[in-house]
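Single-structure report; data block below.
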Amino acid sequence: MSTLQTVAPARTPRRVALASAIGTTIEWYDFYLYATATALVFNKLFFPSISPTAGTLAAFATYAAGFGARPIGAVIAGHLGDRLGRRTVLVGALVLMGGATTLIGVLPSYASIGVAAPVLLVVLRILQGLAVGGEWAGAAILAVEHAPPGRRGFFGSFTQLGSPAGMLLATGLFFLVRTTVGDQAFLDFWWRLPFLASALLVIVGLVIRLRITDAPEFVALRERGEVARLPVVEVFRAAPRQVLLTTGLRLSQIALFVLITTYGLTYIAKEIGPGSSAGLLAVVVSSSLGLATTPLWAILSDRVGRRIPYLFGAVGGTLTLLLFFLAVGTGSTLLVVLAVVLAVNVTHDAMYGPQAAWFAELFSTRLRYSGASLGYGIGSVIAGGFAPLVAAAVVGATGSFWLVVVIFAGVSVLTILAAVFARETAFDELG
């Protein structure tokens with residue numbers, strides 16, 4: 001009996017961390033699939049009756065709609081997650097995301113049903129945004145609440161692995177299908193295959209997620225009847241500063257990522273040529289490396305604190321974004337890949353690796369889901385949803401990327417200030 005009691009607690013954190021990683025991988029696969037298709041497919045098939053520049057802007061506007069729905073999803077998921085439990089909400093988010101993504105795969109184009117096509121595309125994108133708004137915080141909190149003392153950054157980073165893994169799956173499958181069937185056949189039909197594959201992935205995710213449980217701390221809180229009645233309202237009353245700080249911490253990280261991996265694909269196609277594979281190759285390489293660099297930055301944050309790596313990423317992000325634009329200007333695939341790796345795996349991952357633990361640690365168990373969801377979701381819509389749209393509009397109007405870099409530098413200042421003023425939590429007990 002004593003042996004079983006010793007082994008079980010050691011296995012539980014790993015099991016929950018693995019479930020968080022696999023579940024978020026599937027959710028981010030769906031979300032990034034849309035992002036990749038925005039740059040390569042949707043502007044041609046769903047907005048063909050306007051100019052190429054306007055079509056790109058319209059496609060990125062639908063992309064932004066998904067980010068706009070995140071705070072709403074965060075409010076709903078935060079309320080349910082802090083009252084009913086983390087796992088229940090995560091299962092629902094996975095089903096919603098998978099259903100919306102699969103339906104995109106069967107959606108008729110503008111040529112078939114006219115204006116109804118982009119309208120339905122926006123509706124399904126909003127459903128994706130609602131799902132992601134509720135997904136991240138729940139997965140991060142489960143992993144962090146189950147983590148052993150002193151290793152919350154590392155175990156929380158398993159949630160973050162869903163982003164590079166999902167991006168790798170989405171971009172890799174797009175790249176494989178596109179290069180196998182050719183550009184025209186890809187646009188005619190085969191772009192749908194990665195979306196339809198989501199249905200199978202959701203089944204896998206559900207089997208895994210239904211086998212995990214909430215952390216003992218939350219279960220005890222619920223059994224004592226001490227869960228918040230209106231957690232979203234209470235978190236704004238009790239922890240408005242933490243919501244503001246987590247929002248600020250999210251800004252530079254998400255803006256850098258979507259500028260490189262979403263808008264960057266469009267920019268590369270414009271500057272190097274629509275047939276160039278440099279963008280997709282760079283994203284595949286950086287996503288693969290992210291499976292290692294994300295937990296490495298998180299492990300560092302367990303040893304030196306969350307603030308130091310986060311400040312490094314926030315300060316260095318502007319330089320790596322500039323280097324990306326300069327690399328694209330050379331037309332060299334090698335330089336583009338190196339620039340993307342530097343931006344994503346060095347400066348971005350320095351922020352993203354410790355993020356799950358830091359966000360969860362800043363809030364108490366009673367309000368953790370709502371608080372982390374809100375900071376994450378609000379920051380996402382402000383900086384993530386509009387970054388590609390703003391970049392496309394600015395470059396389209398000025399013909400230059402310099403103003404994009406300047407705007408991003410301003411966003412980074414806000415993240416730097418948030419990192420300076422946020423409480424260092426790495427060495428505290430989880431409350």
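The values are calculated or read from the model by the stated rules, or taken from the named source; none is laboratory data. All of these numbers come straight from a predicted model, not from anything done at the bench. Here the Cβ positions follow ideal geometry from the backbone for every residue, glycine too, while neighbour counts run over all protein chains shown. Side chains are part of the model used for accessible areas, which takes the heavy atoms of the whole protein and leaves out ligands, DNA and RNA. Shrake-Rupley method; radii C 1.70, N 1.55, O 1.52, S 1.80 Å.
Given a Förster distance of 45 Å, report the FRET efficiency between residue 123 and residue 303 from their Cβ-Cβ distance, rounded to the nearest 0.05. Could you put the intermediate results ahead of the total?
Working: r = 46 Å, r/R0 = 1.02.
According to the calculation, E is roughly 0.50.
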Mind pulling the angle between the C-alpha long axis of helix 240-258 and the longest principal axis of the chain? Nearest 10 degrees, somewhere in 0 to 90. 30
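Work the Kirkwood hydrodynamic radius out for the chain: mean of 1/r over every pair of different alpha-carbon atoms, inverted, in Å.
Numbers: mean 1/r = 0.0468 Å⁻¹.
When all Cα pairs of the chain are included, the Kirkwood radius is 21.4 Å.
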Just flag the GluC sites (Glu not before Pro) in the stretch 149-237 sitting in loop per DSSP whose Cβ has no more than 15 other Cβ atoms within 10 Å. 226
Expected unfolding gain across residue 393-residue 196 under the 0.36 nm per residue rule, minus the alpha-carbon gap, is 67.8 nm
Order the peptides 192-205, 301-314 from the highest to the lowest mean number of other Cβ atoms within 10 Å of their residues. 301-314, 192-205
How many angstrom separate the Cα center of the stretch 82-160 from the Cα center of the stretch 361-421? 19
Could you compute the FRET efficiency for residue 311 and residue 236, with r as their C-beta to C-beta distance and R0 at 25 Å, rounded to 0.05? 0.40
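At 1.306 mPa s and 10 °C, plugging the Kirkwood radius over alpha-carbon pairs of the stretch 295-399 into Stokes-Einstein gives what diffusion coefficient in µm²/s? Can you show the working numbers first?
Details: Rh = 15.6 Å.
Answer from the Stokes-Einstein relation: 102 µm²/s.
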Sequence gap at least 6, Cα distance under 8 Å: using those rules, report the relative contact order of the chain to the nearest whole percent. 26
Theoretical ellipticity at 222 nm over the chain - DSSP helices of four or more residues, -39500 (n - 2.57) apiece, nearest 500: -25000 deg cm²/dmol
Measuring from label point to label point, each 7 Å out along Cα→Cβ, what is the residue 113 to residue 15 span in nm? 4.3
Counting only protein heavy atoms and a 1.4 Å probe, tell me what percentage of the stretch 170-279's accessible area is made up of carbon and sulfur. 65
Using only Cα atoms, find the angle between the long axis of helix 278-304 and the longest principal axis of the chain, and express it within 0 to 90 degrees, rounded to the nearest 10. 20
Which angle from 0 to 90°, rounded to the nearest 10, does the C-alpha axis of helix 368-379 make with the longest principal axis of the chain? 20
What is the packing order of peptides 80-92, 284-296, taking the mean over residues of other C-beta atoms within 10 Å and listing the highest first? 80-92, 284-296
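Using the reciprocal of the averaged 1/r over all distinct C-alpha pairs, how large is the Kirkwood radius of the stretch 244-305 in Å?
Numbers: mean 1/r = 0.0735 Å⁻¹.
Radius from the Kirkwood sum: 13.6 Å.
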Computed over the stretch 277-431, protein heavy atoms only, probe 1.4 angstrom, the accessible area per residue in square angstrom equals 35
Using only the alpha carbons of the stretch 177-288, determine the length spanned along each of the three principal axes and report them from longest to shortest in whole angstroms. 60, 35, 24
Can you give the Rg/Rh ratio of the stretch 85-194, where Rg is from the C-alpha atoms and Rh is the Kirkwood radius? 1.09
In nanometres, the difference between 0.36 nm per residue of separation and the alpha-carbon distance of residue 420 and residue 204 is 73.7 nm
